[in-house]
Every structure is written in C-alpha cells, then in structure tokens.
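Novice: Structure in structure tokens, see below.
The values are calculated or read from the model by the stated rules, or taken from the named source; none is laboratory data. Computed from a prediction, not measured in an experiment: that's the story for all the values here. Note that we place each Cβ from the backbone using ideal geometry, even for glycine, and neighbour counts take in every protein chain shown.
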Ligand code: MN
Ligand code: MN
C-alpha cells in the first residue's frame, strides 16, 4: 500500500483530540460514510426487533453499541492487529427498515446489502434481532457463492415457522439453508443450549451436515482447539460469522431478548472470533443486544468490543 493511501485511511477519532464522552458516537468514532464505495470494511446498523419472540428492544442495539464503542482504541493489544493501518473502514449508519412490516424490512435490508456487498465492502453488522442474518446472507451469496458459517448462539435459529410465520428471529438459518445460501458441511454452530420443543431439536442441524457444538461441550475449557477444527472445516470458502450475543452467558450479556443460562464466557467469545484469523471472512454480525434490558450497558460494551474483534480478523489486516 502506498504511503499516500495510508494517509488517506479513515481513522477513529482519538481521545486526546476529543474526550471520549464528547463528539458524535459513530462506531469507534470513525468517519461516517454515505456509501460503501472505496471501503474495505464498514460497520452498519440494522435497528429492527419486530422478529423477536420474547423481549423486544434490539431496535436500540446499534445506537447503544455505538455509544459504548467510544472507548475503543485502534490497536488490539492481545493480537497486535492494526486494522486502521491497512483497511479503509467507516460507519455507514443504519439501514432503514419498516417498523410495521417484517417482510418489507427484510426486502429493504437485502437491497441495502446488495449495494454494500456489490461495492466490494465487507459489512460488520450491528443488530437488530437475528432475522436480519437471512437477507444479509442472501446478498453475500450473490457476490461470493454459498457461504461457510460460524454461528454463535444459544439457539439454532432453524425453526420452520414461528406462530405460523416463515420470517422471524428463530428462522433465518432454516430459510438460508432452504435457498442454498450455505455450505452446511462447512458450518459450525457453537453455544447451543437450553430447553426445546423436542429433545432432538438440534439434530435437524446435524442432519444437514452442520457441526453442532453445544454449550456443555465448551464449559470450562479453551476454545482454541475447537477453532483449529473450525478453520480446517471452513478451508478456503467464503465464511460469514453470525454472533448472537445470547450465545454468551447472561452473566456476561444480560441485555438480550431470549437469555439462556450456562452460556459461553466473554473469553470464549474472543477465542472464537480471534480463531477466525486467516479465513476469507466476507461479513459478520453482532445481533440481539437489547439495551432496555441492559441496565449497566455491559451487554452493549461486550457487543462493541466483539464487533471490533471481528474487524481485526478481516482479510488484509496487518499485525504489528
Ligand atoms: Mn439467534
Ligand atoms: Mn439466540
């Protein structure tokens, strides 16, 4: 990369230039962009929660994640990732949705992501409930072909219907699989747990060829070895990371709509994302943060940090 380009790269606004409690709270205090043209990676919000089945509030997720992200600094002291030294990154703002119509919202999201992905930009999405993963995967598949997936969640999100509806926050991966958007033999679901309508609910996923790693298999251990297996499974395929914050234990991330006990730790969440370094990550999301149930802001803070970690494993990031 030329030094000219280096100077032109967007940078987060530093805390010495403007105190962290001041200024406009874009994601990481990055410049806001109107289009994805020229961007390698963008942060983009999808404030939508009419796909939720229990507590709502994820429509406020993008704004609150941005608010908590003002404390984030450019360099990753654990991995030495320096994303802003080589990538053009900006906050694209929010995708407009229709708060009265989920089907129309899904259409609007897909159109917005067609434009982002079509510009060659890799989106990191701030949700929003998990419904949004389906139209995002549709847009990504048009550009990259069928996708490998790393899906962190307490829930499999492969219901056929919910209350008779095909589109909801518990159905996105069912719809994506039906449409041939995914490479199931290169997909891993991590953190699944809790109670179901049938004892064999997760076996539907296994029958599709998906590797299911239930939360109990993750308890009290490092996930570094698991991620080596995940990387081998993904290989050179384009891969999407979909991170439902309820994959983490409610002790770490209480502000979410459908909490389940016995979940992953923040440390394991970091190991999962950092374990995706070297893969062809074409996009990622962080969904289901519900600020009204997040009384301390902790969940949004965790979400902001995990979204930054996603940036740090995007192709082209330099490590110092
Ligand atoms: Mn989910
Ligand atoms: Mn979930």
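Novice: Applying the selection to the range 191-210, what residues are at negative phi, part of a loop (DSSP other than H, G, I, E, B) and out of contact with any helix residue (DSSP H, G or I) (no Cβ under 7 Å at 6 or more places or on another chain)?
Specialist: Passing the criteria: 195, 196, 197, 198, 199, 200, 201, 202, 210.
Novice: Could you identify the single residue in 232, 176, 228 that is in contact with a helix residue (DSSP H, G or I) (Cβ under 9 Å, 6 or more places away or on another chain) and closer than 24 Å to residue 122 by Cβ?
Specialist: 176
Novice: Only helices (runs of 4 or more DSSP H) wholly contained in the range 58-160 count here; list those with 3 or more residues that are within 16 Å of ligand 1 (Cβ to nearest atom), under 22 Å from residue 313 (Cα atoms) and in contact with a helix residue (DSSP H, G or I) (Cβ under 7 Å, 6 or more places away or on another chain).
Specialist: Correct list: 133-144.
Novice: Could you go through the range 252-269 and let me know if any residue there is within 13 Å of the chain's Cα centre (by Cα) and in contact (Cβ under 8 Å) with a residue 24 or more places away in the chain.
Specialist: yes
Novice: Taking the range 169-180 on its own, how many of its residues are over 17 Å from the mean Cα position of the chain (by Cα) and either in a loop (DSSP other than H, G, I, E, B) or within 20 Å of residue 281 (Cα to Cα) (or both)?
Specialist: So the answer is 3.
Novice: Going by what's in this entry, would residue 186 be described as modelled with pLDDT of 95 or more, more than 23 Å from residue 48 (Cα to Cα) and within 13 Å of ligand 2 (Cβ to nearest atom)?
Specialist: No; evaluated as a whole, the condition is false for this residue.
Novice: Right, another one. Would you check if there is a residue in the range 224-239 being within 14 Å of ligand 1 (Cβ to nearest atom) and in contact (Cβ under 8 Å) with a residue 40 or more places away in the chain?
Specialist: So far as the range 224-239 goes, no, none of its residues is within 14 Å of ligand 1 (Cβ to nearest atom) and in contact (Cβ under 8 Å) with a residue 40 or more places away in the chain.
Novice: Would you call residue 117 touching a residue at least 12 places away in the same chain (Cβ under 8 Å), more than 25 Å from residue 60 (Cβ to Cβ) and surrounded by 24 or more Cβ atoms within 10 Å (Cβ to Cβ)?
Specialist: Considered against the rule, which asks whether it is touching a residue at least 12 places away in the same chain (Cβ under 8 Å), more than 25 Å from residue 60 (Cβ to Cβ) and surrounded by 24 or more Cβ atoms within 10 Å (Cβ to Cβ), residue 117 comes out as no.
Novice: Could you check the range 137-166 and list, in sequence order, the residues that are over 22 Å from residue 275 (Cα atoms) and more than 16 Å from ligand 2 (Cβ to nearest atom)?
Specialist: Those that are over 22 Å from residue 275 (Cα atoms) and more than 16 Å from ligand 2 (Cβ to nearest atom): 138, 139, 141, 142, 143, 145, 160, 161, 163, 164, 165, 166.
Novice: Separate question: Can you name every one of the helices (runs of 4 or more DSSP H) wholly within the range 223-320 that holds 2 or more residues which are within 16 Å of ligand 2 (Cβ to nearest atom) and buried (at least 22 other Cβ atoms within 10 Å of the Cβ)?
Specialist: Hits in the range 223-320: 266-274, 298-312.
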